[in-house]
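Down below is the structure, laid out as structure tokens.
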Amino acid sequence: MRLIAPTAIASDLPLFVYLPGMDGSGHLLRWQLPKLSRAFDVRCLQIPPNDLRGWDELTQHTIELIERERRKTEQPVYLFGESFGGCLALQVAMRSPRSFDRLVLSNPASSFNRRPWLTWGSHLVGWMPDFLNTVSALGLLPFLAALERIPSHNRQALVDAMQHVSPQAVAWRIQMLREFQLDWERIDRIEQPTLAIASARDRLLPSVTEVRELVDRLPNGRLRVLPESGHACLLEKGVDLYHILQEAKLLPEPVCDGVMRG
């Protein structure tokens, strides 16, 4: 488990730490990087495809990795979690709220236990032969994404990312999501500016409902609903994370003033 730099290191810019979905590869942010790298020094968490750590160990290791990077810079830290990574970001925020300065969530999977059919299917994943796991990955695409909004190369990247994880690790991470619980008392104490992004056409999870509840409890939480997007919204051609952060006035001040790289 490690943090990788997908673009040139820019230690004079705020640190942007991406916690990925269940694939754990960190690669699905790549289409957002050209603009993000103008304003941020980006790191992506990579979780090994066979990693079977639980929430406690995974959260603690993530905090240690962030703190290690934080010690190298005096710049603010942006913590961004997508889907499974949204749950991990919330775990980090509840356990170590001083590890970051801004929090961004995209369709956090904290509502997983509200989808009984996902819970039933999770018991089967670990027993699937590899070829069935490939078929199941393809079958899940309509639930994971608004396919008509995703270019063909991004669809293939999503399939590749889903197949990157072993069936045993998928089953384990689904079990983690089934057991995930928010500590609302700790959520109420997260004072950092937080932007929660929810896709209205998320067929996998009730993301809008979940995110609204989160934003209502976060002291400085704001909601952005993407009306046409599916769960894997960062792969869609109409979704620009840089622009979303800009509209929410969460970009670093020099960038907000019109000074940016590239």
### Whichever lysines have a C-alpha closer than 22 Å to that of residue 35, once near sequence neighbours (fewer than 8 apart) are set aside
237, 249
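Stick to Cα atoms and the Kirkwood definition of Rh, then tell me Rg/Rh for segment 2-256.
My calculation puts Rg/Rh at 0.93.
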### Task
Indicate the gyration tensor shape class of segment 153-262 (rounded, prolate or oblate), computed on the Cα atoms with a ≥ b ≥ c the square roots of the eigenvalues: a/c under 1.5 is rounded; otherwise a/b larger than b/c is prolate and the rest oblate.
oblate
### Summary
Between the modelled labels at residue 201 and residue 220 (7 Å from Cα along Cα→Cβ) the distance in nm is 3.4 nm
#### Entry: Phi to ³J(HN,Hα) by Karplus 6.51 cos²θ - 1.76 cosθ + 1.60 over segment 151-167, Hz, x for Gly, Pro
x, 4, 5, 6, 4, 5, 5, 5, 4, 4, 5, 5, 7, 5, 8, 5, x
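By per-residue mean of other Cβ atoms within 10 Å, what is the highest-first order of 81-94, 212-225, 153-166? Before the final figure, lay out each step's value.
Numbers: 81-94: 25.6, 212-225: 16.2, 153-166: 17.9.
Peptide ranking by packing, descending: 81-94, 153-166, 212-225.
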### Packing rank of 180-188, 15-23, where each peptide gets the mean count of other beta carbons within 10 Å, highest leading
15-23, 180-188
### Message
Under the rule of at least 5 residues apart or a separate chain, name every residue whose amide H is placed under 5 Å from the amide H of residue 195.
### Response
103, 104, 105, 222
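If the chain between residue 4 and residue 72 were fully stretched, how many nm would it gain, using 0.36 nm times the residue separation less the Cα-Cα distance?
Details: separation 68, 0.36 × 68 = 24.48 nm, distance 1.46 nm.
Answer, rounded to one decimal: 23.0 nm.
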### Message
At 7 Å along Cα-to-Cβ for each site, give me the label-to-label distance between residue 30 and residue 212 in nm.
### Response
3.7 nm
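Taken together, the values in this text are just the output of simple stated rules run on the coordinates, not laboratory data. The model shown is predicted, which means the values in this text are computed figures rather than measured ones. With ideal geometry, Cβ positions are generated from the backbone for all residues, glycine too; neighbour counts draw on all protein chains shown.
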